[in-house]
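Undergrad: Once you've had a glance at the structure underneath, I'll fire off some questions.
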Amino acid sequence: MTTRAPNPEPLRLITGETVGGDPAREFWLLVGVLAVLFLFSTLGAMFLWWRRTVTTDAGDFAFRALARRLGIARQDRSVIRRLAQLRGSAPVALLVSPSALRDAIEACRHNKEANLDRDSLDRLMHSLATG
Amino acid sequence: MRQKSAVMMPESLEHRVALIRSLPIRPRRAAIDTALAAASDPEEIERLAIELLELSVRPGVKTKAGPWARRGAYRRQLDADIALSLLCSHWGSLSPAARLHTLGVANGRWTGVIRDLVQHEHTNARLALCGMALASGEPALYEPVGELLEDEEASIHRAAGVTLLSLVALELELDPATLAPDLGPIDQQCLIPDAEVQPRQALLSVLRSAITRYGEHQQRSIALACLLLIAHDSHAHALASNRVDHAATQALRGVLRWSRAPITRVCALRLLGHDALSDAAVNRLSRAHDLADHDLTLRQGHLTLNPTRHAHLGKIEVRARSTTLAPDADGTERLRITLPKECPLPDGSWLSALSPQARRQIPRWVAAFDTDELATRALLDPLLGDDDELTRLMASRGANARTTTDFCFDACEPIARGAMTRFSFHAAAQDPTTPTHRRQMDTLSKLVRSPHASVRRMAREDLTRLDPWASDSSQTSLIARRRMADEPEAFLVDLRHVLMSGSALTRIRAIGIARRLGITDQIESLLLSLVTQSHGPNVDERVVASSVSALGSLCTPNARQTVRMVLRHPDPRARANAVEAMSKQERLAGLTDEDNSLRSTLTELRGDSHQRVRANAVHALMALPEPKGGAALYTPSASSALIAMLRDERAPHRVSGLWVAERSAVTHGSALVSHVQSLAEMDPDRGVRNRAHGLIHRIEVRQRLQSTKLTVTADNSRASAGQP
């Protein structure tokens, strides 16, 4: 029975010079780290922006989110915002409540200072009527 | 894009709610909150309220959860509290069902809701606090409502005052109609709170604070609320200062004096004893504005019996005016009595509209106020004919004494009994010759036939008390005996008056009383005249019979002669009594009938056709002493007469014979007893048989008693003689 001696570390001569790696590899490593940091900071910033938006103007956020999900055209959104402004309520309220929107349109028809396009109102009314 | 937009609008509310649910919590809450504020359709409001209610439910926190999980749970609880506050701020537009659910969710979480609502920028949100306090009755909400009394918005501090007043009304279970016009209808409570603090204590605390700040908010409803509590709760007296110049006291006095709410008049009645409020209370009580004002206060008539209140009410004068109307067809003048405007008591025109409970109390109020004769008539006379029995009863108590007799005949027993009691109280024994006495006697003689047992009994007692000749009772004899002892002259005058002019029954009773008192000698002449005038048309035979009996105790020649004269009277009762009286006179005079005149008269009468005369004659014969001729002459004659009676074919004569046999010294084994035994066994009449049986039994008992007595006497005599 024979025993093998453990594999010893390779012998190196101490000369005082640093041991050098592959420069290209180190560069790409650095780029990768920076890219990850950038990505995370961007995502964090987006999250903070989103959160601030949700927190500070929850109503507007809800309006935009609902309008988007309901597929409301840009010009219709502005009509709804104008109606809400005239009525003194939040725009999202008109999106959520059909009766509020109907009342707002009726009130706007009788308000000469509304400066709203009649076609837009008719279109909204038509869409209500078909419902 | 336009086409796409047009497709969007028909989407249902449910679809939009589903879209909202996908939003983060804050936008979702904001969307529902603003939509609730803007929506006008009740169904939409209901649906959105449910959605917000769902957000208001607090999630639980696991005790073993980690710190991050706990923090998240606490954040969700905070979001739920905000949602609850938002939901509560829409209280005014919520349906009753949604309100009930809201109160259910909010129970125990009021601190956050109150903090958010008290300083909410929107008026409706602050008003919601008042609505919730009223609907829930939650004591935790009273304090913030009290704070709203100093709100800048007029509608808010007015609502806060009305809310507290409504809470007091609910706490005291008062009808809101009695607080009109100061308070409208109150929303029904939705939830009975499981409060740690007693609602009344919380109300007292808030109102104590509110009334001290009266100068700042000047809410009349707060003063009225305090007044209600002071009047109905003895613990609330601290709400009113005894200093008249205090602002709060001034407010209370002002409300008490000038409020037209009917309940304030009741408060005035209750607060008559309060030092600082009594004069305002008197002022309020001296005016009544409408039917409700009258009705509510009149119902509390029992409170007027309190001496302090009674003294204060006596300051209020009620004066009526009379106007002479045109005379009737028969020339009778009529008076119209009118009460002044806003009179504290209602006149006849209000009566039909008043409740029975109010009408019943009017007599108490009449007695409490300083009411003149005319006003009393105007107020009470219409009540005397009221359909309600208790009203008549109360009115009859306060009515004029002249109408008392009428009420003795009322169909309602309590009324008749009450009137009878008053009648008895006022009726006094008077000279029988006076018209008053005659009226009393007439009334009483009718009342003894009253359908009510209690009235009949009282009438009989009164008759006895007022007229000793009116009945045969032992009480009558006692009264007569006392009168004879106290005032013999007056009593004899009365007695003679009755014998001369009384009815037949009264005369008979008077004769009976005279016999019992042993004063027949005082009225001998009257008795003689009654007997001698016995053939007149107006003389009753019963009076003659009674008079003859009374004469039996007199041995004067006139009496004896008169009695003998009556022996030939056509009335058998008079003849029978005359036989008795004659026998008695002979005994009293100690006459021995030496000339056998009495015996011959009695012997003649033993064959009378009437059994009573015959029995008396036989009985008297048997009681006579032995005649001069010896026993042989006496005994067969009387005994044979008695045996002849017992053998008579007429049953009444046989019965009378038994009566005589019982009173004679009949002994067992004698010939008479054998006749009685044969009657007991064989008489065809059942009544005779029964009487005969009874007589035999009594004879046996009597003989046993006699033999026992004889034995005892013999033993005693032997014992006294020393024999064994």
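Undergrad: Along the positive direction of the dipole of the protein assembly as shown (beta-carbon charges: Lys, Arg +1; Asp, Glu -1; about the Cα centre), which of B:Thr324, B:Val688, B:Thr562 reaches farthest?
TA: B:Val688
Undergrad: Between rounded, prolate and oblate, where does segment B:138-276 land on the alpha carbon gyration tensor, with a ≥ b ≥ c its root eigenvalues, rounded for a/c under 1.5, else prolate if a/b exceeds b/c?
TA: The shape class here is rounded.
Undergrad: Could you pull out every whole DSSP H run in chain B that spans at least 27 Å of Cα extent along its own axis and averages -0.5 or higher on the Kyte-Doolittle scale?
TA: For chain B, where a helix must reach 27 Å along its axis and average at least -0.5, the hits are B:67-89.
Undergrad: Okay, next question. Please compute the modelled spin-label separation between B:Arg647 and A:Ser41, points set 7 Å along Cα→Cβ, answer in nm with one decimal.
TA: 16.4 nm
Undergrad: Ranked by Cβ crowding within 10 angstrom, fewest neighbours first, how are B:Glu489, A:Glu106 ordered?
TA: Going from least to most buried by this count: B:Glu489, A:Glu106.
Undergrad: Moving on to the next point. Below 8 Å between Cα atoms, with a sequence gap of 6+, how large is the relative contact order for chain B in percent?
TA: The value is 4 percent.
Undergrad: Dipole of the protein assembly as shown, Cα-centred, from +1 at each Lys and Arg C-beta and -1 at each Asp and Glu C-beta, to the nearest 20 debye?
TA: About 1500 debye.
Undergrad: Subtracting the Cα-Cα distance from 0.36 nm times the residue separation, let me have the gained length for B:Glu121 to B:Asp347 in nm, one decimal.
TA: Difference between extended and current length: 75.8 nm.
Quick note: the coordinates plus some simple rules give every number you see, no bench work behind them. Since the structure is predicted, the reported quantities are computational estimates derived from the model, not experimental observations. Ideal geometry is used to build each Cβ from the backbone, glycine not excepted, and the neighbour counts take in all protein chains shown.
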